[in-house]
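Working notes, structure below.
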Amino acid sequence: MSYEPTEGDPAAKDRLAPQESGVGEADPAAAGRLRDELTARLLDHDKHGAVAVGLGAVSRGLVTIEELYADVLGPALIEIGRRWHGGTVAVWEEHLASAAVRTIVESLYPEVERLRAERPAAGYSALMACPPDEAHDLGLRMLADRLALAGWRVFYLGPDTPFQEVVDATWTLGVDAVVLSSSTHYHRLRVRDFVERLVAALPGVAVWVGGPGFVGDIQGWAKAYLFDEEAVFGGSPPFPDRGDESAAVHERESATASGTEGGPAERGHGTSSEKDGERHSEQQPGSGERPDTELWGWEESGPAEGGKDRS
């Protein structure tokens with residue numbers, strides 16, 4: 001199927017056309033032009049046009065799928081979220097824009113699978129999910145495709161996933177990491193307990209968090225539990241020390257049988273009694289330091305301050 005982003009707007013053809021340099025390389029500003037065009041379409045409630053811009057950009061070779069997600073779709077969602085916070089975009093308009101972006105992402109999945117099959121495997125696997133009551137998964141969904149394109153084996157569970165389902169899926173699938181997303185600070189308060197329980201139940205498995213709720217404020221979170229984009233995509237994911245596998249299995253079985261759960265406190269995380277956002281005189285290792293990661297901060301926004309859900 002062919003997608004033409006210029007339908008009904010002849011001038012768009014010139015705006016989106018690749019500008020050749022002396023050596024025949026595409027203009028590095030192509031992503032910026034695409035971002036502006038797609039954002040304008042979304043703000044104009046033009047789903048057809050926005051989808052055509054996104055899919056057409058990839059099919060014409062203006063950007064890769066990774067570049068489309070990171071440099072076009074993500075920033076477009078950030079801009080629309082910013083306008084919502086400023087009162088110039090309504091909730092329904094933001095939902096409409098997010099639905100259009102999701103259509104682009106899902107439409108590109110066959111191409112993601114084709115490219116993944118052609119690329120060398122990284123040898124790592126990840127389970128990706130949102131904790132209970134977290135419905136905003138679009139940023140995590142794009143991250144899943146980026147990991148797949150980087151050679152990871154990805155199992156995507158999506159929004160609102162119960163604790164035991166994450167645990168059961170992790171052991172059944174034998175993944176190396178669990179990646180969780182939180183869209184707001186309000187949700188992040190509950191994510192801490194969720195992470196502590198997972199760390200206790202999944203010895204030897206990395207548990208990483210990220211998302212809009214962590215952008216600009218990672219106070220109280222150890223760096224080991226924050227998704228490190230540079231390390232992961234650079235080929236050196238920060239997995240925990242697995243130690244002896246038999247000991248890990250015994251620890252898991254003992255924790256399951258007794259019903260007791262420790263948490264990230266032993267590994268420098270803090271306890272569930274320490275509310276997220278509080279300032280402590282003794283910082284945990286890595287807390288307060290921003291890792292080299294964007295924490296997939298682009299996402300349709302979730303509940304506003306105080307937990308009032310906008311959805």
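Check whether at least one residue in the range 210-217 is within 18 Å of Asp176 (Cα to Cα), surrounded by 21 or more Cβ atoms within 10 Å (Cβ to Cβ) and at pLDDT below 90, and report yes or no.
yes
So, of the residues in the range 74-123 that are in contact with a helix residue (DSSP H, G or I) (Cβ under 8 Å, 6 or more places away or on another chain) and of a type in the set (Asp, Glu), which turns out to be farthest from Val175 (Cα to Cα)?
The selected residue is Glu93.
Can you tell which of Val166, Val154, Val175 is in a loop (DSSP other than H, G, I, E, B), buried (at least 19 other Cβ atoms within 10 Å of the Cβ) and at pLDDT 95 or above?
Going through Val166, Val154, Val175 in turn, just one is in a loop (DSSP other than H, G, I, E, B), buried (at least 19 other Cβ atoms within 10 Å of the Cβ) and at pLDDT 95 or above: Val175.
Within the range 74-86, is there a residue that is closer than 23 Å to Ser59 by Cβ, touching an Asp or Glu at 6+ places or on another chain (Cβ under 8 Å), free of Cβ contacts under 8 Å to residues at least 60 places away in the same chain and hydrophobic (A, V, I, L, M, F, W, C)?
no
What tally of residues in the range 100-137 results from selecting those that are farther than 19 Å from Val232 by Cβ, surrounded by 19 or more Cβ atoms within 10 Å (Cβ to Cβ) and either out of contact with any Gly (no Cβ under 8 Å at 6 or more places or on another chain) or modelled with pLDDT of 95 or more (or both)?
The number of residues fulfilling the criteria is 6.
State whether one or more residues within the range 184-202 are assigned to a loop (DSSP other than H, G, I, E, B), crowded, with 17+ Cβ neighbours inside 10 Å and either modelled with pLDDT of 60 or more or in contact with a strand residue (DSSP E or B) (Cβ under 8 Å, 6 or more places away or on another chain) (or both). Talk me through it step by step, then tell me what you get.
As a first pass, look at the range 184-202 and keep what is assigned to a loop (DSSP other than H, G, I, E, B): 184, 202.
Pick out the ones that are also crowded, with 17+ Cβ neighbours inside 10 Å and you get 184, 202.
From the residues that got through so far, the ones that are either modelled with pLDDT of 60 or more or in contact with a strand residue (DSSP E or B) (Cβ under 8 Å, 6 or more places away or on another chain) (or both) too are 184, 202.
Yes, the range 184-202 contains at least one residue that is assigned to a loop (DSSP other than H, G, I, E, B), crowded, with 17+ Cβ neighbours inside 10 Å and either modelled with pLDDT of 60 or more or in contact with a strand residue (DSSP E or B) (Cβ under 8 Å, 6 or more places away or on another chain) (or both).
Within the range 30-138, which helices (runs of 4 or more DSSP H) (wholly inside it) include 3 or more residues that are more than 27 Å from Arg153 (Cβ to Cβ) and of a type in the set (A, V, I, L, M, F, W, C)?
By residue number, 30-43, 47-59, 74-85, 91-107.
If you go through the range 97-113, how many residues are within 23 Å of Ala31 (Cβ to Cβ), more than 17 Å from the chain's Cα centre (by Cα) and not small (Gly, Ala, Ser)?
Of the residues in that region, 2 qualify.
Which of the residues belonging to the range 37-86 are farther than 30 Å from Gly151 by Cβ, modelled with pLDDT under 95 and of a type outside the set (Phe, Trp, Tyr)?
Within the range 37-86, Glu79, Ile80, Gly81, Arg82, Arg83, His85, Gly86 qualify.
The values are calculated or read from the model by the stated rules, or taken from the named source; none is laboratory data. Keep in mind it's a predicted model, so treat the numbers as computed, not measured. All Cβ positions, even for glycine, are placed from backbone atoms using ideal geometry, and neighbour counts span all protein chains on display.
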